[in-house]
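Laboratory data are not the source of any read-out in this text; all were calculated from the coordinates shown. No experiment lies behind these values; they were computed from the predicted model shown. Every residue, glycine among them, receives a Cβ derived from its backbone with ideal geometry; neighbour counts consider all protein chains shown.
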Amino acid sequence: MKPEKISRILIIRLSSLGDVLLTTPLIRALKKHYPDAAIDFFVREEYADAVKFNPNINVVYALPRSDKNKFIVKILKGNNYDFIVDLQNNIRSRLIINSLNKPTYSFKKPTWDKYLLVRFKINRYKEIKSIAERYCESIPGLKLDKNGLELHLPHNSVSGLQQGKNYIGLCPGSRHFTKRWPSDYFIELGNDLVQKGYELLILGGADDKQICELISSQVQGSVNLCSDNDLIKTASEIKQCKLVICNDSGLMHVAAAVGVPIVTIFGSSVREFGFSPYGVANLILENKSLSCRPCSHIGRNNCPKKHFRCMKEITPQIVSDNVIKFLSEI
């Protein structure tokens, strides 16, 4: 891609939290390539805080769930974009693009490769690449730097936590059951880490309240910081941690974006799908002995084999041993 006179660029990634954060290396690369261009971002309202304070973004257009695009599209038409980067690439984003009628680079989803790996365990992924890298490949010639994700916090954001403590964050939530390490395992791990001298912070969003309350009530001395999807507050708290232990979830990418080392537990997830922690020290724990993984590319509400060995065989002792070793190495 040759540098040219570009005045304004629109990036579309409507959802979800992790996917939006994974766009930030591309945003940074575009700004470096076109330093004088204004880069706008179109996102769903509930994920706007992920990019709201990014200095490389000119305007964040936040779409409420009730909105049918018409009002936003009318505004976008007046911006006269030189080109659009569609990282969502679904029916809704294509309708927006068709309305704007501008040159577009679209993210090519590896739908067939995902289907073959999930359904028939045929692995056509020649190499494991992050979604951040695949986003960049949507624009020929664009190169990423070696930095990771970004989540910029406002200058007045404070966690309310004491500085210099041995905080470890536990993020037990995830949208789908097959991505969630069992809550009783988190409890056993949490109590073990407390005995080892660490202070446990239990973190999550609105959908995680029940599991966070359960874990916090049974891990002595832990602090339940679960919020009503207050991303800025949660990110500020995660930033104070020496380590985050989590599932494959949006908060895993939040931890990566604020530069906190991660131990993550993969159940139905596999690295080929591109959602491993990006650009930060990390350790992925997974059960590689199972022929049934992956059973889904996004997660399921139950284990199709009824045994859930992908998570149950990663015991609290295994995680604890790996956490202590990982902490000694970072």
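Tabulated data for the structure shown
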| read-out | value |
| --- | --- |
| Computed magnitude of the charge dipole of the stretch 93-187 (debye, nearest 20; Cβ of K, R +1, Cβ of D, E -1) | 480 |
| The chain - Cys residues lacking any other Cys C-beta under 4.7 Å | C136, C241, C292, C295, C303, C310 |
| Antiparallel %, DSSP beta bridges [both residues in the stretch 193-330], to 5 | 0 |
| Ellipsoid semi-axes in whole angstrom, largest first, where each is sqrt(5λ) of the Cα gyration tensor of the chain | 35, 23, 18 |
| Percentage relative contact order, the stretch 194-241, counting C-alpha pairs under 8 Å, at least six apart | 40 |
| Cα-based Kirkwood hydrodynamic radius, the stretch 28-97, one decimal, Å | 13.0 |
| nm² value of the averaged projected area, convex hull over the Cα atoms of the stretch 167-329 | 8.6 |
| Mean Cβ count within 10 Å, highest first, over the residues of peptides 15-22, 184-191 | 15-22, 184-191 |
| Formal net charge of residues neighbouring L10 (Cβ-Cβ distance under 12 Å; K, R +1; D, E -1) | +1 |
| Estimated D of the stretch 257-320 in µm² per second, where Rh is the Kirkwood radius over Cα pairs and Stokes-Einstein applies at 10 °C, 1.306 mPa s | 124 |
| Neighbourhood charge, 9 Å Cβ-Cβ cut-off, centred on M311 and excluding it, Lys, Arg +1 and Asp, Glu -1 | +3 |
| Sequence-separation-based contact order of the stretch 8-136, relative, with Cα cut under 8 Å and 6+ spacing, percent | 27 |
| DSSP-assigned coil residues among trypsin sites (Lys or Arg not before Pro) in the stretch 151-180, each with at most 13 further Cβ atoms within 10 Å | K165 |
| Peptide ranges 120-129, 243-252 listed from the most packed, as the mean C-beta count within 10 angstrom indicates | 243-252, 120-129 |
| Packing rank of 98-106, 78-86, where each peptide gets the mean count of other beta carbons within 10 Å, highest leading | 78-86, 98-106 |
| The stretch 1-90: trypsin sites (Lys or Arg not before Pro) in DSSP loop, at most 13 other beta carbons within 10 Å | K5, R65, K68 |
| Reachable lysines, given that their alpha-carbon falls under 27 Å from the alpha-carbon of K126 and they are not under 8 places away in the same chain | K108, K109, K114, K143, K146, K179, K288 |
| Taking the stretch 167-329 and dividing mean pair separation by its residue count, relative contact order in percent (alpha carbons under 8 Å, at least six apart) | 26 |
| C-alpha center-to-center spacing [the stretch 150-198, the stretch 224-256] in angstrom | 7 |
| Span-rule helices in the chain, defined as complete DSSP H runs reaching 15 Å or more along the axis (Cα) with Kyte mean at least -0.5 | 183-195, 316-329 |
| Per-selection Rg to Rh, the stretch 8-136 - Cα, Kirkwood hydrodynamic radius | 0.99 |
